[in-house]
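Accompanying notes for the structure given below.
Just so it is clear, none of the values below were taken in a lab; they were calculated from the coordinates. Model, not experiment: these values are computed from the prediction. Neighbour counts are summed over all protein chains in view; Cβ atoms, including those assigned to glycine, are modelled from backbone coordinates with ideal geometry.
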Amino acid sequence: MLIIIKVGGSVIRKGIDNFIKEVPELINNGHKVVIIHGGGYFINELMERMGLKPRFVTSPSGVTSRYTDLETLRVYVMGMMYLNKELVSRLQGVGVNAIGLSGVDGGLLRARRRESMIIIDERGRERVVDGGYTGKIESANRDFIMRMLEEGFTPVIAPIAMDIKTGGALNVDGDQALEVLSTSLMPNFAVILTDVDGVLVNGKVINRVSAVEARELFKNPEVRGGMKRKVYTAAQLASRGVYSIISNGVVDRPITSAINGLGTHVVPG
């Protein structure tokens, strides 16, 4: 069984001990694992220590993302690769043959730089701004990842992509990286780990939805911030035949718990 896991920054910040302990169990049971990580909180901390102010923008659909100028990009790459090596070292420490990669390595994630983007400004109006160093991923190097898996490595991927035009680094969303890699690799499960039990509406976890129902859930005003992007990603994947789960990454055995029913399951069909 192939499982692709996106470990959110909220999970890393709260503690990844349970996640780290479970990965060797999965591999010893014959499963192949690909890990993508976030870490926006750490980038914010680094920027503030350097006297830089993080800037976020909101799209007309309500999705919030980091605005990345050149200075921010440099901090982003530095911070994400630090977290990447921390995760790899933790996994190596429990016997997992982890290998840390960015999307630039091996042309793993190829993206097109956004020349411009539409945002909602502070007055609630739509405005076009320069796209900065943010990218939209267009393809993944499937053969590269499959070779890594066949040779016994567990890839740990930072959300940095390669600019198709220049070869330079671009900031990409970790959930978008999960979407593109999962569409390419077609895993048995794509698991999005966050710090809550799933998508909450009226204080209760929405347990199981179809791709169509997930798109409606995306529009729900209670689904906000980073969760909005996660629901969109899961809906996209389910529409392409990938079983997706948004679940809690800080519980005991978070992956097995998710597969066994915890969280919000977005099912194909």
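Under a crude label model (7 Å from the Cα following the beta-carbon direction), how far is Q92 from I164 in nanometres?
Between Q92 and I164, the label points sit 3.5 nm apart.
Under unit Cβ charges (Lys, Arg +1; Asp, Glu -1), what dipole magnitude, rounded to 20 debye, does the chain have relative to its Cα centre? Walk me through the numbers before you get to the answer.
Numbers: 33 positive and 28 negative charges, 82 e Å.
Magnitude of the dipole: close to 400 debye.
Give me the extension gain from R142 to M1: residue separation times 0.36 nm, minus the current Cα-Cα distance, reported in nm with one decimal.
Stretched fully, the R142-M1 segment lengthens by 49.1 nm.
Take the alpha carbon atoms of region 199-225, find their center, do the same for region 66-137, and report the distance between the two centers in whole angstrom.
26
So how do 146-155, 241-250 stack up, highest first, on mean other-Cβ count within 10 Å? Spell out each step's value before the answer.
Values: 146-155: 14.9, 241-250: 23.1.
In decreasing order of mean packing, 146-155, 241-250 become 241-250, 146-155.
Add -39500 (n - 2.57) for each DSSP H run of 4 or more in the chain, then divide by its residues: what number comes out at 222 nm, to the nearest 500 deg cm²/dmol?
Computed ellipticity for the chain at 222 nm equals -11500 deg cm²/dmol.
What does DSSP give for region 96-166 in terms of the percent of beta bridges that are antiparallel, rounded to the nearest 5?
Once the DSSP bridges in region 96-166 are tallied, antiparallel ones form about 60 percent.
Hey, which of these cross-link pairs are over 32 Å Cα-Cα: K53/K230; K85/K219; K32/K53; K21/K230; K165/K230; K165/K228?
From the list (K53/K230; K85/K219; K32/K53; K21/K230; K165/K230; K165/K228), the Cα-Cα distance tops 32 Å for K85/K219; K32/K53.
Rounded to the nearest 20 debye, what is the charge dipole size of region 189-239 about its Cα centre when +1 sits on each Lys and Arg Cβ and -1 on each Asp and Glu Cβ?
Taking the Cα centre of region 189-239 as origin, the dipole is about 140 debye.
Given 10 °C and 1.306 mPa s, how large is the Stokes-Einstein diffusion coefficient of region 158-269 in µm²/s, with Rh as the Kirkwood radius over Cα pairs?
Details: Rh = 14.3 Å.
Answer, rounded: 111 µm²/s.
Placing +1 at every Lys and Arg Cβ and -1 at every Asp and Glu Cβ, with all other atoms neutral, what dipole size does region 81-195 have around its Cα centre, in debye to the nearest 20?
The calculated dipole for region 81-195 is roughly 200 debye.
Would you grab the residues whose amide H sits under 5 Å from the one on S102? Only those 5+ places off in sequence or on another chain, please, with H modelled 1.01 Å from N.
A158
Say the dipole of region 136-204 comes from +1 at the beta carbon of Lys and Arg and -1 at that of Asp and Glu; which of G168, G152, V196 then lies farthest toward its positive end?
About the Cα centre, the residue reaching furthest to the positive side is G168.
Quick check on the chain: of the DSSP beta bridges with both residues there, what percent are antiparallel, nearest 5%?
Values: 21 of 50 bridges.
For the chain, the DSSP antiparallel bridge percentage is about 40.
What is region 58-217 by shape, rounded, prolate or oblate, if you read a ≥ b ≥ c off the alpha carbon gyration tensor as root eigenvalues and call it rounded for a/c under 1.5, prolate for a/b larger than b/c, and oblate otherwise?
Note, shape of region 58-217 comes out oblate.
Quick one: if the Förster radius is 22 Å, what FRET efficiency do D121 and R240 give, using the C-beta to C-beta distance and rounding to 0.05? If you can, show how the numbers build up before the last one.
Details: r = 34 Å, r/R0 = 1.53.
Once the sixth-power term is evaluated, E becomes 0.05.
For E150 and E48, calculate 0.36 nm times their separation in residues minus their Cα-Cα distance, and state this gained length in nm to one decimal.
32.6 nm
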